[in-house]
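Take a look at the structure set out below.
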Amino acid sequence: MLLEIKKDTRTRMNKSLEALRHELAKIRTGRAHPSLLEHVHVDYYGNEVPIGQAANVAVEDARTLSVSPWDKTMVKAIEKAILASDLGLNPNTAGQVIRIPLPPLTEERRRELGKVVHTEGENAKIAIRNIRRDANHGIKELLKEKAISEDDERRAEADIQTVTDLAVTKVDEIVAEKEKELLEF
């Protein structure tokens, strides 16, 4: 039972870290990156699909993304979806290729995005602490049912705390890396 709780805790904490990485990938830095358009959905013959399933998204240069639709009739729909997204991007269509220039970020906007990154990091830490609380509750239940000894309980809680500390440290590293990336020109 203890091994299951520990394994479940590690798995859930790793998922929290992946969710943080995914959320931070949406935050635009000064550089072009295909993940910037990951959450943009396109109306593809009546179905809402991620842009990556309707087109090839590539980095043309440091400040330009290019989108090449698989189906040439989808150019207008993809352009419309990019305009409708909350990214504030203006696509330029040249035949079958949509180019998206990324305007440089102002210093004020970089600081605002830094606060958003910090908030996402704090939310990830809260999620990790909630996972720790759930694991410790499970361990206490096992003790109450007399399935484990008090020594086993203390060791298991110490192991859970170690995993929690590692996950929180990883969150801090991910947030610091993203903040550094935001401040680069």
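Each reported figure results from applying straightforward, stated rules to the coordinates on display, with no laboratory input. Worth saying up front: this structure is predicted, and the values here are computed from it rather than measured. Heads up, the Cβs are rebuilt from the backbone with ideal geometry, glycines too, and the neighbour counts pull from every protein chain shown.
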**OP:** State which residue pairs qualify: first residue touching a residue at least 12 places away in the same chain (Cβ under 8 Å) and under 13 Å from SER16 (Cβ atoms) and inside the range 131-145, second residue part of a helix (DSSP H, G or I) and charged (D, E, K, R) in any location, beta carbons under 7 Å apart, and separation of 6 or more residues or different chains.
**Re:** ILE131/ARG12
Original post:
Could you list, in sequence order, the residues of the range 130-167 that are part of a helix (DSSP H, G or I) and of a type in the set (S, T, N, Q)?
Top reply: ASN130, ASN136, GLN161, THR162, THR164
Original post:
Considering only the range 40-55, how many residues are closer than 22 Å to LEU24 by Cα and in contact with a helix residue (DSSP H, G or I) (Cβ under 9 Å, 6 or more places away or on another chain)?
Top reply: 6
Original post:
Between residues in the range 73-98 that are more than 16 Å from GLU60 (Cα to Cα) and residues that are polar (S, T, N, Q) and not in a strand (DSSP E or B), which pairs lie under 8 Å by C-beta distance while being six or more apart or on different chains?
Top reply: VAL75/GLN96; LEU83/ASN90
